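The values are calculated or read from the model by the stated rules, or taken from the named source; none is laboratory data. Bear in mind that the values here come from a model prediction, so they are computed numbers and not experimental data. Using ideal geometry, Cβ is built from the backbone for each residue, glycine included, and neighbour counts are taken over all protein chains shown. Accessible surface is based on the protein model in full, side chains and every heavy atom, while ligands, DNA and RNA are left aside. Shrake-Rupley method; radii C 1.70, N 1.55, O 1.52, S 1.80 Å.
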Amino acid sequence: MGYKILAINPGSTSTKIALYDDERPLLEVTLRHKTEEIAQFPDIINQLDWRRGLILTALREKEFDIKQLAAVIGRGGLIRPIPAGVYEVNSRMRYDLRNAQMKHACNLGGLLAAQIAHMAGVKAYIADPPVVDEMDDAARITGMPMCPRKPIFHALNQKATARLHCDRAGLVYEQANLIVAHMGGGISVAAHKQGRIVDVNNALDGDGPFAPDRAGSIPSSELIKVCFSGQYTREELLKFVSSKGGLVAYLGTNSVMEVMGRIAEGDQRAQKVLDAMCYNIAKQIGAMAAALSGRVDGILLTGGIAYNEPVTDYLRDRCGFIAPVTVYPGENELEALVANALVVLRGSVEPKVYA
């Protein structure tokens, strides 16, 4: 009998859960949430009790008693910037998750873990939340002091993919230089320098390549003109940046698979827009190569979009001159959460204190 761990990954329209016995998966469930179900809640934080009930019901249906759990770990939220690592959910973190200025379903991860862990009589953790901040100071400074760069990105999968690659390639993560491109609804491209993410674009808030539903970097003057045109409200423009931009704005869909289908049917505009997105990802990879002074041991492509070979082939052709390109498709976030919980339970790592 090993350590039984429950991992929780809340998204905007789903809650993914996984139950593991050490490294062995016992159960993986994706609880889908319909638009009309989500619409009944005035704010994301109001979904907490509802989602907890869905998780507990799913576990009961599988005849699993939560008293068997050794730990519960949730996806980290948009709390204060912190170094990478595993953190025990404490009262300060719970407060910051409930009152986070940036609203996202990931804020529910630590809260759901804490509530279910309390019921089970065990501890709750998060690991490598989206606000992991290990950036070099030079990467923060922009041409406007009131607008510094802030990292908000796919830290959990970024770190997990980098470590997985090092294990397979015979490298030591703390000694390797890697570029990792996570490509999902948002796209983050990071420079991993000897165990630290020294530079990365803000994948949520208007920085880096445009993505399936995010705008990425935009020419500043043009954006200011649009802001003062009177055609859009503040809320509409913020949605363009974080959820209604990118492929959605051009093609009306955030599905790369759907775009590929249109291209197969001869849609030249879809081909042009997808090529542009890939081109911008390639440019960001080149920028991260410069951040690593050109000393790059590998380029890793991950996230859901990495299942699409035309995209990964494009990036391999564009960026293969920098370093070998390896594809690790999927997000693998539940597995990464479990791995982080295990190193704490086994005493290999001391959980960090959020303060």
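Only loop residues by DSSP count here, and only those with at most 11 other Cβ atoms within 10 Å; note down the chymotrypsin sites (Phe, Trp or Tyr not before Pro) in segment 211-261 that meet that. List each step's numbers first, then the result.
Working: sites: PHE228, TYR232, PHE240, TYR250; in loops: PHE228, TYR232.
Within segment 211-261, the qualifying chymotrypsin sites (Phe, Trp or Tyr not before Pro) (loop, at most 11 other Cβ atoms within 10 Å) are PHE228.
Approximating the spin labels as points 7 Å out from Cα along Cα→Cβ, the ALA290-to-ASP167 distance works out to 3.5 nm.
Apolar share of the accessible surface for segment 1-99: 46 percent from carbon plus sulfur atoms, 1.4 Å probe. The alpha-carbon of LYS159 sits under 20 angstrom from the alpha-carbons of these lysines, leaving out residues fewer than 8 places away in its chain: LYS16, LYS150, LYS193, LYS352. Once the chain from ALA39 to LYS225 is taken as fully extended at 0.36 nm per residue, the excess over their C-alpha distance is 63.7 nm. Tell me, what is the FRET efficiency for SER255 and GLU350 to the nearest 0.05, using R0 = 35 angstrom and their Cβ-Cβ distance as r? It comes out at approximately 0.25. Over segment 231-337, accessible surface divided per residue gives 53 Å², non-protein components excluded, 1.4 Å probe.
For HIS165, tell me the accessible area in Å² from a 1.4 Å probe, rounded to the nearest 10. Accessible area, nearest 10 Å²: 20 Å².
Just for the chain, what percent of DSSP beta bridges are antiparallel, to the closest 5? If you can, show how the numbers build up before the last one.
On the way: 30 of 51 bridges.
Here the share of antiparallel DSSP bridges comes out near 60 percent.
A simple charge model with +1 on the Cβ of Lys and Arg, -1 on the Cβ of Asp and Glu and nothing else charged puts the dipole of the chain at about 560 debye relative to its Cα centre.
Of all GluC sites (Glu not before Pro) in segment 191-277, which ones are in loop regions per DSSP and have a Cβ with at most 15 other Cβ atoms within 10 Å? Passing both the DSSP loop test and the Cβ count: GLU265. For segment 160-258, the carbon plus sulfur part of the accessible surface works out to 51%, probe radius 1.4 Å. Cross-link partners of LYS272 among lysines, defined as those whose alpha carbon lies under 30 angstrom from its own and excluding same-chain residues fewer than eight positions apart: LYS225, LYS239, LYS244, LYS283. Any idea which of GLN175, PRO81, LEU156 is furthest toward the positive side of the dipole for segment 21-177, if Lys and Arg beta-carbons carry +1 and Asp and Glu beta-carbons -1? Final value for the positive-end residue is PRO81. At full extension, GLN101 and GLU174 could sit 23.0 nm farther apart than now, given 0.36 nm per residue minus the alpha carbon distance. To the nearest ten degrees, helix 48-61 and the longest principal axis of the Cα atoms of the chain are 60 degrees apart.
Each residue of segment 279-293 is assigned a 3J(HN,Hα), and the resulting list reads 4, 5, 5, 4, 4, 5, 4, x, 5, 5, 4, 5, 4, 9, 6 Hz, derived from the Karplus form 6.51 cos²θ - 1.76 cosθ + 1.60 (θ = phi - 60°), x at Gly and Pro.
Summing Cβ point charges (Lys, Arg +1; Asp, Glu -1) relative to the Cα centre of segment 7-144 gives a dipole of roughly 400 debye.
How large is the helix-only mean residue ellipticity at 222 nm for the chain, computed as the sum of -39500 (n - 2.57) over DSSP H runs with n ≥ 4, divided by its residue count, in deg cm²/dmol to the nearest 500?
On the way: 12 runs with 135 residues, N = 355.
That calculation yields -11500 deg cm²/dmol at 222 nm.
Quick check: from the Cα gyration tensor, does segment 94-249 come out rounded (a/c under 1.5), prolate or oblate? Cα axes put segment 94-249 in the oblate bin. With a cut-off of at most 13 other beta carbons within 10 Å, and DSSP calling the residue loop, which GluC sites (Glu not before Pro) in segment 8-81 qualify? Please list them. Hits after loop and neighbour filter: GLU23, GLU63.
Taking the charge dipole of segment 174-275 about its Cα centre, with +1 at Lys and Arg Cβ atoms and -1 at Asp and Glu Cβ atoms, the residue from SER229, SER255, PHE240 reaching farthest to the positive side is SER229. Note on MET146 and LYS62: the extension gain reaches 25.1 nm, defined as 0.36 nm multiplied by sequence separation minus the Cα-Cα distance.
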